[in-house]
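The values are calculated or read from the model by the stated rules, or taken from the named source; none is laboratory data. Computed from a prediction, not measured in an experiment: that's the story for all the values here. Reconstructed Cβ throughout: ideal geometry from the backbone, glycine too, with neighbour counts over all protein chains shown. Remember, those area values only see protein heavy atoms, side chains included, never the ligands or the DNA or RNA. Shrake-Rupley method; radii C 1.70, N 1.55, O 1.52, S 1.80 Å.
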Amino acid sequence: MDHSSNRPAPASTDGLVIAVDGTSGSGKSSTSRGVATRLGLRYLDTGAQFRAMTWWLLREGVDVHDAAAVAARCVEPEIVSGTDPQEPTITVDGTDVAVEIRSDAVNAAVSPVSAVPEVRARLLDLQRSVIADAVQDGGIVVEGRDIGSVVAPDAPVKVYLSADPSARAERRAAEQGATDLAATQESLLARDRIDSGRATAPLVQADGAVHIDTTPYTLDEVIGLVAGLVAELDADAEAPPRAR
(Lines give C-alpha, C1' and ligand atoms only; values in the text may rest on other atoms or scores of the structure.)
Protein backbone atom coordinates (compact mmCIF):
# COMPACT_ATOMS: atom_id res chain seq x y z
CA MET A 1 0.00 0.00 0.00
CA ASP A 2 1.44 3.33 -1.11
CA HIS A 3 0.55 6.44 0.86
CA SER A 4 3.04 8.59 -1.07
CA SER A 5 0.33 10.53 -2.93
CA ASN A 6 -0.95 13.70 -1.31
CA ARG A 7 -4.21 12.97 0.44
CA PRO A 8 -7.17 15.37 0.00
CA ALA A 9 -8.08 17.67 2.86
CA PRO A 10 -10.24 16.10 5.59
CA ALA A 11 -13.97 16.49 5.08
CA SER A 12 -17.19 15.28 6.63
CA THR A 13 -18.32 11.83 5.52
CA ASP A 14 -21.93 13.04 5.22
CA GLY A 15 -22.81 12.44 1.58
CA LEU A 16 -19.53 10.60 1.13
CA VAL A 17 -18.17 9.80 -2.33
CA ILE A 18 -15.47 7.12 -2.60
CA ALA A 19 -13.76 7.08 -6.01
CA VAL A 20 -12.21 3.74 -6.98
CA ASP A 21 -10.09 3.54 -10.13
CA GLY A 22 -7.62 0.97 -11.37
CA THR A 23 -6.54 -1.59 -13.89
CA SER A 24 -8.62 -4.46 -15.25
CA GLY A 25 -8.77 -7.43 -12.91
CA SER A 26 -7.40 -5.55 -9.90
CA GLY A 27 -10.55 -6.13 -7.88
CA LYS A 28 -12.39 -2.83 -8.39
CA SER A 29 -15.90 -4.26 -8.58
CA SER A 30 -15.65 -6.72 -5.70
CA THR A 31 -13.88 -4.19 -3.52
CA SER A 32 -16.28 -1.36 -4.33
CA ARG A 33 -19.36 -3.48 -3.70
CA GLY A 34 -17.88 -4.80 -0.47
CA VAL A 35 -17.00 -1.33 0.80
CA ALA A 36 -20.43 0.02 -0.11
CA THR A 37 -22.14 -2.86 1.69
CA ARG A 38 -19.95 -2.54 4.78
CA LEU A 39 -20.46 1.22 5.06
CA GLY A 40 -24.11 1.33 4.02
CA LEU A 41 -23.46 3.31 0.82
CA ARG A 42 -24.80 3.10 -2.71
CA TYR A 43 -22.65 1.66 -5.54
CA LEU A 44 -22.09 2.62 -9.17
CA ASP A 45 -20.23 0.56 -11.77
CA THR A 46 -19.44 3.06 -14.52
CA GLY A 47 -17.84 0.35 -16.63
CA ALA A 48 -21.23 -1.35 -16.91
CA GLN A 49 -22.62 1.85 -18.43
CA PHE A 50 -19.96 1.87 -21.13
CA ARG A 51 -20.67 -1.79 -21.76
CA ALA A 52 -24.39 -1.09 -21.96
CA MET A 53 -23.78 1.64 -24.52
CA THR A 54 -21.55 -0.74 -26.49
CA TRP A 55 -24.18 -3.51 -26.39
CA TRP A 56 -26.81 -1.11 -27.74
CA LEU A 57 -24.57 0.14 -30.54
CA LEU A 58 -23.76 -3.42 -31.61
CA ARG A 59 -27.42 -4.36 -31.54
CA GLU A 60 -28.21 -1.34 -33.71
CA GLY A 61 -25.53 -2.34 -36.22
CA VAL A 62 -23.36 0.72 -35.62
CA ASP A 63 -19.70 0.32 -36.61
CA VAL A 64 -17.99 0.80 -33.23
CA HIS A 65 -14.74 1.74 -34.98
CA ASP A 66 -16.46 4.68 -36.72
CA ALA A 67 -16.19 7.39 -34.07
CA ALA A 68 -18.51 9.75 -35.94
CA ALA A 69 -21.22 7.11 -36.21
CA VAL A 70 -20.88 6.23 -32.54
CA ALA A 71 -21.02 9.91 -31.57
CA ALA A 72 -24.16 10.47 -33.63
CA ARG A 73 -26.09 7.59 -32.04
CA CYS A 74 -24.87 7.57 -28.43
CA VAL A 75 -27.50 10.08 -27.31
CA GLU A 76 -30.33 7.65 -28.08
CA PRO A 77 -30.37 4.79 -25.53
CA GLU A 78 -31.73 5.28 -22.01
CA ILE A 79 -29.25 3.67 -19.62
CA VAL A 80 -30.24 3.20 -15.98
CA SER A 81 -27.94 1.91 -13.24
CA GLY A 82 -29.34 0.40 -10.05
CA THR A 83 -27.15 1.34 -7.09
CA ASP A 84 -27.85 -1.43 -4.56
CA PRO A 85 -24.36 -2.90 -3.94
CA GLN A 86 -25.80 -6.35 -3.24
CA GLU A 87 -27.94 -6.41 -6.38
CA PRO A 88 -26.63 -3.81 -8.86
CA THR A 89 -28.64 -3.62 -12.08
CA ILE A 90 -28.15 -2.12 -15.53
CA THR A 91 -30.91 -1.60 -18.08
CA VAL A 92 -31.07 -0.17 -21.60
CA ASP A 93 -34.43 1.23 -22.68
CA GLY A 94 -36.00 -0.76 -19.85
CA THR A 95 -34.34 -4.08 -20.75
CA ASP A 96 -32.08 -5.84 -18.23
CA VAL A 97 -28.71 -6.32 -19.96
CA ALA A 98 -26.58 -7.40 -16.98
CA VAL A 99 -25.68 -10.71 -18.68
CA GLU A 100 -25.46 -9.46 -22.25
CA ILE A 101 -22.90 -6.73 -21.51
CA ARG A 102 -20.37 -9.36 -20.40
CA SER A 103 -20.33 -11.12 -23.79
CA ASP A 104 -17.20 -11.61 -25.88
CA ALA A 105 -18.61 -9.23 -28.50
CA VAL A 106 -19.00 -6.42 -25.98
CA ASN A 107 -15.58 -7.21 -24.46
CA ALA A 108 -14.00 -6.73 -27.87
CA ALA A 109 -15.85 -3.50 -28.69
CA VAL A 110 -16.02 -1.56 -25.42
CA SER A 111 -12.58 0.08 -25.66
CA PRO A 112 -13.16 1.90 -28.99
CA VAL A 113 -16.61 2.98 -27.84
CA SER A 114 -15.21 4.25 -24.54
CA ALA A 115 -12.64 6.35 -26.38
CA VAL A 116 -15.28 8.44 -28.19
CA PRO A 117 -15.50 11.85 -26.44
CA GLU A 118 -19.24 12.17 -27.06
CA VAL A 119 -19.86 8.82 -25.34
CA ARG A 120 -17.79 9.88 -22.35
CA ALA A 121 -19.59 13.23 -22.14
CA ARG A 122 -23.02 11.56 -22.30
CA LEU A 123 -22.16 9.05 -19.61
CA LEU A 124 -20.33 11.61 -17.48
CA ASP A 125 -23.58 13.55 -17.16
CA LEU A 126 -25.39 10.34 -16.22
CA GLN A 127 -22.74 9.36 -13.68
CA ARG A 128 -22.75 12.74 -11.97
CA SER A 129 -26.54 12.63 -11.79
CA VAL A 130 -26.44 9.24 -10.08
CA ILE A 131 -23.78 10.49 -7.66
CA ALA A 132 -25.77 13.62 -6.83
CA ASP A 133 -28.86 11.53 -6.01
CA ALA A 134 -26.85 9.08 -3.89
CA VAL A 135 -25.16 11.86 -1.91
CA GLN A 136 -28.61 12.88 -0.71
CA ASP A 137 -29.06 9.31 0.56
CA GLY A 138 -25.80 9.01 2.51
CA GLY A 139 -23.14 8.48 -0.12
CA ILE A 140 -21.80 6.20 -2.83
CA VAL A 141 -18.81 4.15 -3.94
CA VAL A 142 -18.08 4.75 -7.63
CA GLU A 143 -15.75 2.53 -9.61
CA GLY A 144 -14.19 2.98 -13.01
CA ARG A 145 -11.10 4.34 -14.74
CA ASP A 146 -11.51 8.11 -14.51
CA ILE A 147 -13.57 8.58 -11.35
CA GLY A 148 -11.04 10.40 -9.21
CA SER A 149 -9.57 12.33 -12.14
CA VAL A 150 -12.71 13.36 -14.05
CA VAL A 151 -16.06 12.13 -12.73
CA ALA A 152 -15.65 13.05 -9.05
CA PRO A 153 -12.34 14.93 -8.65
CA ASP A 154 -13.52 16.41 -5.33
CA ALA A 155 -14.24 12.99 -3.76
CA PRO A 156 -12.80 13.01 -0.21
CA VAL A 157 -11.61 9.41 -0.60
CA LYS A 158 -9.83 8.33 -3.79
CA VAL A 159 -8.30 4.89 -4.31
CA TYR A 160 -6.29 3.45 -7.17
CA LEU A 161 -6.15 -0.35 -7.27
CA SER A 162 -3.59 -2.39 -9.15
CA ALA A 163 -2.27 -5.95 -9.02
CA ASP A 164 0.41 -8.14 -10.54
CA PRO A 165 -0.62 -9.05 -14.12
CA SER A 166 -0.55 -12.79 -13.42
CA ALA A 167 -2.78 -12.35 -10.36
CA ARG A 168 -5.17 -10.24 -12.38
CA ALA A 169 -5.31 -12.87 -15.11
CA GLU A 170 -6.05 -15.62 -12.61
CA ARG A 171 -8.89 -13.61 -11.08
CA ARG A 172 -10.44 -12.72 -14.42
CA ALA A 173 -10.11 -16.28 -15.72
CA ALA A 174 -11.85 -17.56 -12.60
CA GLU A 175 -14.68 -15.06 -13.13
CA GLN A 176 -15.15 -15.97 -16.77
CA GLY A 177 -14.34 -19.68 -16.63
CA ALA A 178 -11.40 -19.21 -18.97
CA THR A 179 -8.50 -21.68 -19.10
CA ASP A 180 -5.89 -19.81 -21.18
CA LEU A 181 -4.22 -17.59 -18.57
CA ALA A 182 -1.70 -16.17 -21.04
CA ALA A 183 -4.43 -15.02 -23.41
CA THR A 184 -6.44 -13.58 -20.52
CA GLN A 185 -3.42 -11.67 -19.25
CA GLU A 186 -2.66 -10.23 -22.69
CA SER A 187 -6.29 -9.18 -23.07
CA LEU A 188 -6.16 -7.32 -19.76
CA LEU A 189 -2.88 -5.61 -20.61
CA ALA A 190 -4.17 -4.64 -24.05
CA ARG A 191 -7.25 -3.04 -22.48
CA ASP A 192 -5.01 -1.12 -20.08
CA ARG A 193 -2.84 0.14 -22.95
CA ILE A 194 -5.86 1.39 -24.85
CA ASP A 195 -7.48 3.06 -21.85
CA SER A 196 -4.23 4.61 -20.63
CA GLY A 197 -3.44 5.99 -24.07
CA ARG A 198 -6.79 7.46 -25.10
CA ALA A 199 -6.97 11.23 -25.51
CA THR A 200 -10.13 11.75 -23.47
CA ALA A 201 -10.16 10.86 -19.75
CA PRO A 202 -7.34 8.27 -19.84
CA LEU A 203 -6.77 5.76 -17.05
CA VAL A 204 -4.51 7.47 -14.51
CA GLN A 205 -3.92 7.53 -10.78
CA ALA A 206 -5.78 10.67 -9.74
CA ASP A 207 -4.18 13.41 -7.70
CA GLY A 208 -4.68 12.61 -4.03
CA ALA A 209 -5.48 8.93 -4.63
CA VAL A 210 -4.12 6.23 -2.34
CA HIS A 211 -2.53 3.38 -4.31
CA ILE A 212 -3.28 -0.14 -3.11
CA ASP A 213 -1.57 -3.11 -4.76
CA THR A 214 -4.12 -5.84 -4.10
CA THR A 215 -1.83 -8.74 -5.07
CA PRO A 216 -0.89 -9.89 -1.53
CA TYR A 217 -4.29 -9.25 0.05
CA THR A 218 -7.56 -11.13 0.28
CA LEU A 219 -10.70 -9.36 -0.88
CA ASP A 220 -11.82 -8.81 2.71
CA GLU A 221 -8.45 -7.28 3.55
CA VAL A 222 -8.67 -4.85 0.63
CA ILE A 223 -12.20 -3.88 1.68
CA GLY A 224 -10.84 -3.28 5.17
CA LEU A 225 -8.03 -1.07 3.84
CA VAL A 226 -10.46 1.14 1.93
CA ALA A 227 -12.89 1.29 4.83
CA GLY A 228 -9.92 2.27 6.98
CA LEU A 229 -9.35 5.33 4.80
CA VAL A 230 -12.90 6.42 5.58
CA ALA A 231 -12.29 5.86 9.29
CA GLU A 232 -9.16 8.03 9.02
CA LEU A 233 -11.24 10.72 7.34
CA ASP A 234 -13.76 10.63 10.18
CA ALA A 235 -10.98 10.81 12.77
CA ASP A 236 -9.38 13.77 11.00
CA ALA A 237 -12.71 15.58 10.81
CA GLU A 238 -13.40 15.05 14.53
CA ALA A 239 -9.90 15.92 15.78
CA PRO A 240 -9.58 19.29 17.53
CA PRO A 241 -7.39 21.86 15.79
CA ARG A 242 -3.73 21.74 16.80
CA ALA A 243 -2.39 24.59 18.93
CA ARG A 244 0.09 26.75 17.10
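Run a plain Debye calculation on the stretch 51-162 (Cα atoms as equal point scatterers, no solvent) and give log10 I(q)/I(0) at q = 0.10, 0.14, 0.15 Å⁻¹, rounded to two decimals, same order as the q list.
Summing over Cα pairs of the stretch 51-162 leads to -0.31, -0.61, -0.70.
Using a 1.4 angstrom probe with every protein chain in place, what is the largest-first accessible-area order of Glu232, Glu143?
Glu232, Glu143
Would you work out if the stretch 44-99 is rounded, prolate or oblate? Take a ≥ b ≥ c from the square roots of the eigenvalues of the alpha-carbon gyration tensor; rounded if a/c is under 1.5, else prolate when a/b is larger than b/c, oblate otherwise.
Prolate.
Using the Cβ atoms and a cut-off under 12 Å, what net charge is assigned to the surroundings of Asp93, where Lys and Arg are +1 and Asp and Glu are -1?
Value of the local net charge: -3.
Any idea of the accessible area per residue across the stretch 37-95, 1.4 Å probe, to the nearest Å²?
Roughly 46 Å² per residue, with all protein chains present.
To the nearest 20 debye, what charge dipole does the stretch 1-153 have about its Cα centre, counting +1 at the Cβ of each Lys and Arg and -1 at the Cβ of each Asp and Glu?
Once rounded to the nearest 20, the dipole reads 440 debye.
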